[in-house]
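Bear in mind these aren't lab numbers, they're just calculated from the coordinates by the rules spelled out. On a predicted model such as this, the values are computed, not experimentally measured, just so you know. Glycine gets a Cβ as well: all are built from the backbone with ideal geometry, and neighbour counts include every protein chain shown.
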Amino acid sequence: MLVLVTYDVNTQDREGRKRLRRVAKQCTNYGVRVQNSVFECVVDAAQLKLLKKALVDEIDDKKDSLRIYNLGNRTKSNVEHIGAREALNVEGDLIF
């Protein structure tokens with residue numbers, strides 16, 4: 001299934017900047033960055049559970065925000081890209 005992970009980490013202090021890097025790192029373990037704080041991840045149910053746990057463990061829920069959108073299995077019909085940056089096929093090979 002395709003999930004969209006978005007986050008907003010408070011970076012006003014050093015710890016916040018560290019959290020931001022750790023959250024981004026966790027997301028890169030499961031998917032592809034499509035915008036600054038937005039990742040598209042193709043995962044199964046078990047991987048999604050692991051991803052959620054990893055992200056929840058990294059954020060400060062009093063300062064940061066995390067949103068996960070489950071777009072389902074029919075990814076090509078659920079995602080429309082318009083603009084300058086070429087859309088990646090998240091189901092294809094990720095070697096450039």
In nanometres, the difference between 0.36 nm per residue of separation and the alpha-carbon distance of residue 62 and residue 12 is 16.6 nm
Any lysines whose Cα falls less than 27 Å from that of residue 18, other than same-chain ones fewer than 8 residues away, would be 49, 52, 53, 62, 63
What's the local net charge at residue 17, with K and R +1, D and E -1, over the other residues with C-beta under 15 Å away? +1
Relative packing of peptides 55-63, 2-10 - highest average C-beta neighbours within 10 Å first: 2-10, 55-63
